[in-house]
1. Helix-only estimate, please: 222 nm mean residue ellipticity of the chain, summing -39500 (n - 2.57) across DSSP H runs of length 4 or more and dividing by its residues, to the nearest 500.
2. Net charge near Tyr215: determine it from the other residues with C-beta under 15 Å of the C-beta of Tyr215, scoring Lys and Arg +1 and Asp and Glu -1.
3. Using modelled amide H (1.01 Å from N, peptide plane; none on Pro or chain starts), what sits under 5 Å from the amide H of Gly537, excluding residues fewer than 5 places away?
4. Net charge within 10 Å of Ser204 by Cβ-Cβ distance, Lys/Arg positive one each and Asp/Glu negative one each, not counting Ser204 itself?
5. Counting only protein chains, not ligands or nucleic acids, how are Arg375, Arg255, Arg403 ordered by accessible area (probe 1.4 Å), most first?
6. Mind listing the phi-derived Karplus ³J(HN,Hα) values for segment 200-207, rounded to whole Hz, using 6.51, -1.76 and 1.60 with θ = phi - 60°, and x for any glycine or proline?
7. Which length gain, in nm to one decimal place, applies between Ala38 and Glu635 when the Cα-Cα distance is subtracted from 0.36 nm times their residue separation?
8. Give, in nm to one decimal, the length gained when the segment between His392 and Asp619 is fully stretched (0.36 nm per residue of separation minus the Cα-Cα distance).
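The values are calculated or read from the model by the stated rules, or taken from the named source; none is laboratory data. Just so you know, these numbers come straight off a predicted model, no measurement behind them. Heads up, the Cβs are rebuilt from the backbone with ideal geometry, glycines too, and the neighbour counts pull from every protein chain shown. Note: accessible area is taken over every heavy atom of the protein model, side chains too, but ligands, DNA and RNA are not part of it. Shrake-Rupley method; radii C 1.70, N 1.55, O 1.52, S 1.80 Å.
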Amino acid sequence: MADEARDPARDAALREASIPTLLMCVAQITGDPRWLEAPYLPQRDVSIFADPTGGLPEPVRTEIRAAAARVLDELAAGTRTLPAQPDDATFVRMMNVCLGERVPPEYAPMAREEMGFAERAVGWTAAPPPAARREAYRTLVVGAGLSGVAAAWRLRSLGLPVEIVEKNAEIGGTWWDNDYPEAGVDTPNHFYSYSFAPNLGWTSNYSKRGEVLDYLKRTAEGLGVLRTVRLETEVLALAWDEARREWAATIRDPRGERVERFRAVVLACGPLSRPKLSAVPGIETFTGDWWHSSWWRKDVPLAGKDVAVIGTGASAMQFLRSVASEARRVTVFQRSPQWARPPQDYHGTVSEGQRWLLEHVPYYYAWYRFGLMWRFGDGLLPTLRRDPDWPHPERAMNARNDRHREQLAAYMREQLAGRDDLLEKALPHYPPYGKRILIDNGWFDALRRDNVELVTQAVARVEGDAIVTADGERHHADVAILATGFEASRMLGPMAVTGRDGATIDREWANDDPKAHLGITVPGFPNLFLLVGPGTGLAHGGSIFFVTECQVRYVARMLVEMVQRGIEAVDVKRDVHDAYIERFDALHEELVWSHPGMRNWYRNAAGRVFVPMPWRLVDYWTMTREPVLAEFDVEARTA
């Protein structure tokens, strides 16, 4: 291309490019193996956001940029076309080169799906069954958050009759509910998104609630799901009809209550939909205005008021600086301190050049997403496992976990320099990642403000306009904001679910102890499938979109098998379920979330961890690829 015809936007974008990502694009488009050899090999980088230079000298970076420019020119001129996908051996080699480290080959099929190079959806293994047979498998999807939207779309794509209902006035689930100041993601949204619906126009690597909600709505609309969601529609009860082998659902909408029947039910309610109020006894008697972070009151001004913030978890970490900048005084009540990592690119934006690369360079989005998948994936899990020979188990799980502790503690000391009183209160004594790791959103700066006080005494009760702590001290408040989390163990909320022989979910999950095989199925509740169910939360890394897509594939494959084989009911066997839970619990005994040095919402009062998964992402991906019918009691249609 002549100099006068060059696109300055392209040249500027290439100068901004992540060299390891751009290198993979050149290698994949050209198929030339020399790009996977020295001197083009990026250095290993364990940062959350990789060094864009790849550790390579400028002359090598310039050569890679020039090669990318030539390839783009050739594609534009029609003298080059995009090749077939690389074979498995080449793809594994590319993963290794991109990261500068060895990636186990078993990650390759999973990575191909996450990058959009392979199809994750399932189809019919033979000719699609006649419409009349498919109509007998009417399915109810409860919830129109990110998991419900994916489930409804995948099942409808198979030609199955699906009804999707949502109790709220809009879709979005957690992202509709939580509209507190500065609500946003803490996983980079180029990974915190569907593999089948890339968004190349994110304005930030960590987008705020509005942009995430817009993405979910646009995706649901593009998939044809948005217009079919029955909004302001709540499922009050589900009851299994053994004779008809179907679920009777009591549903309430603006027109009233009625019973509808379904062969299968997919519960996409999510574990973070019911606010936890029990942590603050007497809150309903508070004489001022009060709300949970997920019920934010924008009609109540905070200027000139004394505000109590109860809880120091993820939502408080995000909204505190906004509240502190407006209120007269803020008293923060902390049950236990939190580890928080530096913000890095948390407040950054995606430049025009970066968006140009994502939109115009073939495979750039895919390889950029791969880098995030790896850095936010399984790499952390080994650092969370107990080393029996580690001499300081009270402060860390192993030597690597202790290095993380030193890095995080150094950051906190820097942020709270000169405030030993705050450092003593805010510095955790338990191992890093024992509770959900947070990103500092101006939290430490807010704690240093003259109008902010951090109280570490437990909240005993609320009396009138006062928050009373365990030592009897009364703290006046005009407004109380609860950042107390959600009833994760009661993820089905007030819904009454009755299975075979009168079994109820309440009894099955008594003592705040929910359990499910693969987090999806529960014995005695046929044709009932949970999405983001017990034991499928991600506390070591990853994206909930990934877990959702794995589970949706599993459910879709099960329904395909049921329709094709004429199966009317599948019920996971008790011994299969129990064996899975035994393995689940045994792994957790060795992981940080069982550490005795802190309390967290991942475990119940008996100490059992029930929220996060103990598996590597690739293990869970493998376990949910295909349902094993031998693990279920199967009842086929009779003549």
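1. So the helix-based figure for the chain works out to -10000 deg cm²/dmol.
2. +2
3. Residues meeting the criterion, in which the H sits 1.01 Å from N, are Met613.
4. -1
5. Final ranking, largest accessible area leading: Arg255, Arg403, Arg375.
6. Once rounded to whole Hz, the list reads 8, x, 3, 8, 9, 6, 10, 7.
7. The span from Ala38 to Glu635 would gain 209.0 nm if fully extended.
8. 78.7 nm
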